[in-house]
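Working notes for the structure below.
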Amino acid sequence: MKKMIWCVLLLAVAAVSCKKDNERTGITPVNLIVKLSYGLDSSKYTLPLAGVTVRIKNTFTGSTQTLVAADSGIVHFNGIPAGAYDIDAVMAFSPAGYMQYTGLEVSDSITFNGSDKNRQISIGANQVINLNLVAGTTGEWVIKQVYYAGSDTKNGAIFRDQFIEIYNNTDHALLADSLYVAQLFGRQNNTESAHYLQANRQLDWSKSKDMPAGIDANNDYVYARNLLMVPATKRMVQPGESIVIAQTALNHKAPFTGADGETITVLNPALTIDLSGADYEAYYAPYLPNPYPSDIDNPGVPNMEVIQMDGRDLVIDNLGRDSYIIFKVDASQKVTEWPRYNLPKIAALGSTDKKYMQVPVKYVIDGVEVMQAAASARAPKKLGALIDAGFTFVPGGSYSSQSVIRKTAGMVNGVRKLKDTNNSTEDFDYFSIANPRGFK
């Protein structure tokens, strides 16, 4: 009897202690309900919700939970801590499976994605989120590698060695001519309040000066700060091969003479890369009164055609606050005449306010969302799930020499196929040292 009384007392003390711990830490469990649906172009068929994988990640602790939906398409995450979460849903169909449900014949697997990034889950009643899954475009070209971080500011090449790599992810040769590469712009932090914002806290481009009223400025378009085009050189890219577009196509490990006659060198060549063998380079000097001295033209490497430029060279944001797309257009489009718009500024515009080219999403072949390594510093997403349901980053951050690199999915008839689910969180890894034409 004494033992029983003693056990009851211990349980009571433990319960009080747990209650006090919860009160002290402020952790109150929340129930999160995710309701899934498909965004389909046709009402002639339906797709199953059973089997959709839903993952939530606490952006502060990094902890994750994954559940699989049943027929109802409703998933319950019970007793999770309140906080900010990245919520992702994915469903992949094989060509045979997709044809079974839709009657449509496709050559590759179809992946549907849905995402809601940095969603605040508050204390209170059940939190309900509706998540719409869409199938993004699986293109012939993919963005394979983005080296945005740059290398050490004292011992490396700073930002001079940045590049973007694009890959032929098919089983046949592709013509690279007139392939467009854009560095996109959007809200870059979570604190500024100088612009009109959407509900997702990204810029509300519909409020831009002279924006037409009859278009969906935020969902049907993205906005480029730099836009380059592969020149018409009849360049054929074979299956499994890529093109490297360098900011400056030089060997950054070795000293070179800048446009001002001064020698540019690095203290530790191991931190940077050789881009003298790049396929194309961004050469801004002919368009500017004061280009960077490091913007040297390599006569052996063709220059990209500059359609829109922002700054004194193709300087990619080293923090990871821009996103990137590639696209091609049909003969009816004159890209140089596409409209440009100011940021949706609340205050009156000034004479020096920049304009950004409006790019229709329907032409986008592939896109990659890049964000900062620290979750607390990440800005709202610029790309919707139709282009990129996730995001990627280098863990070392700015000037780390690291690059983001698309993963290998497998080999098909001796050709390397890269992973392309339109979710860069799943599709990308990173190199400790950027490696043009390398693979993961």
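Quick look at the numbers
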| read-out | value |
| --- | --- |
| Full-extension gain in nm, Glu241 to Tyr287, via 0.36 nm per residue minus C-alpha separation | 13.4 nm |
| Peptide ranges 57-67, 376-386 listed from the most packed, as the mean C-beta count within 10 angstrom indicates | 376-386, 57-67 |
| Residues whose placed amide H lies under 5 Å from that of Leu184, excluding near-sequence neighbours | Arg225, Ser323, Tyr324, Ile325 |
| Around Arg160: net Lys/Arg minus Asp/Glu count, Cβ-Cβ under 11 Å | -3 |
| Under-5 Å amide H pairs with Val412, H placed in peptide plane, nonlocal only | Lys417 |
| Space enclosed by the convex hull of the alpha-carbon atoms of the stretch 123-245, per residue, Å³ | 242 Å³ |
| Sites Asn31 and Ala270, calculated FRET efficiency, Cβ-Cβ separation with R0 51 Å, nearest 0.05 | 0.50 |
| Relative contact order (%) - criterion: Cα under 8 Å, at least six apart; region: the chain | 17 percent |
| Mean separation of Cα contacts under 8 Å, 6 or more apart, over the residue count of the stretch 60-159: relative contact order % | 22 percent |
| Angle in degrees between helix 2-25 and the longest Cα principal axis of the chain, rounded to the nearest 10 | 30 degrees |
| Global form of the stretch 292-440, assessed from the alpha-carbon gyration tensor, a/c cut-off 1.5 | rounded |
| Reach of Lys328 by Cα under 12 Å, taken over aspartates and glutamates that are not fewer than 8 positions away in the same chain | Glu140, Asp177, Asp366 |
| Point-charge dipole on Cβ atoms (K/R +1, D/E -1) for the chain, about Cα centre, debye to 20 | 1640 debye |
| Mean separation of Cα contacts under 8 Å (6+ apart) over length of the stretch 201-325, as relative contact order % | 27 percent |
| 11 Å beta-carbon shell around Ile346, net charge (K/R +1, D/E -1) | 0 |
| Sites matching trypsin sites (Lys or Arg not before Pro) across the stretch 118-199 that sit in DSSP coil, with at most 14 neighbouring C-beta atoms within 10 Å | Lys154 |
| Under 11 Å, Cβ to Cβ, from Arg55 - net charge with Lys/Arg +1 and Asp/Glu -1 | -2 |
| Mean-position separation - Cα centroids, the stretch 108-179 and the stretch 204-268, in angstrom | 16 Å |
| Sequence-distant residues sharing a close amide H with Tyr221 (under 5 Å, placed H) | Val361 |
| Range in the chain, longest, excluding exposed GluC sites (Glu not before Pro) [loop by DSSP; at most 11 other beta-carbon atoms within 10 Å] | 263-440 |
| Gyration tensor (alpha-carbon) shape descriptor, the stretch 37-157, a/c threshold 1.5 | oblate |
| Förster radius 41 Å - calculated FRET efficiency between Ala125 and Thr153, Cβ distance, rounded to 0.05 | 0.25 |
| Computed [θ] at 222 nm, helices only, for the chain once each DSSP H run of length n ≥ 4 contributes -39500 (n - 2.57) | -2500 deg cm²/dmol |
| Per-residue Cβ neighbour rank within 10 angstrom, fewest leading, Ile365, Ile166 | Ile365, Ile166 |
| Mean projected area (nm²) of the alpha-carbon convex hull when the stretch 253-380 is viewed from all directions | 11.9 nm² |
| Dipole of the stretch 243-394 [Lys/Arg +1, Asp/Glu -1 at C-beta], most positive-end residue of Pro293, Thr265, Leu314 | Leu314 |
| Cross-link partners of Lys381 among aspartates and glutamates (Cα-Cα below 12 Å; sequence separation of 8 or more within a chain) | Asp86, Asp116, Asp322, Glu369 |
| Label-point separation in nm, Asp71 to Gln198, each point 7 Å along Cα→Cβ | 3.5 nm |
| Three-way shape call for the stretch 235-325 based on the alpha-carbon gyration tensor, with the a/c threshold at 1.5 | rounded |
| Spin-label pair Ile433/Lys345, simplified geometry with 7 Å Cα→Cβ offset, distance in nm | 4.4 nm |
| Neighbour-limited loop hits for chymotrypsin sites (Phe, Trp or Tyr not before Pro), the stretch 390-440 (at most 16 other Cβ within 10 Å; DSSP other than H, G, I, E, B) | Phe439 |
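Since every read-out is calculated from the coordinates, none of them should be taken as a lab result. This is a predicted model, so every value here is computed, not measured. Cβ: placed from backbone, ideal geometry, glycine included. Neighbour counts: every protein chain shown.
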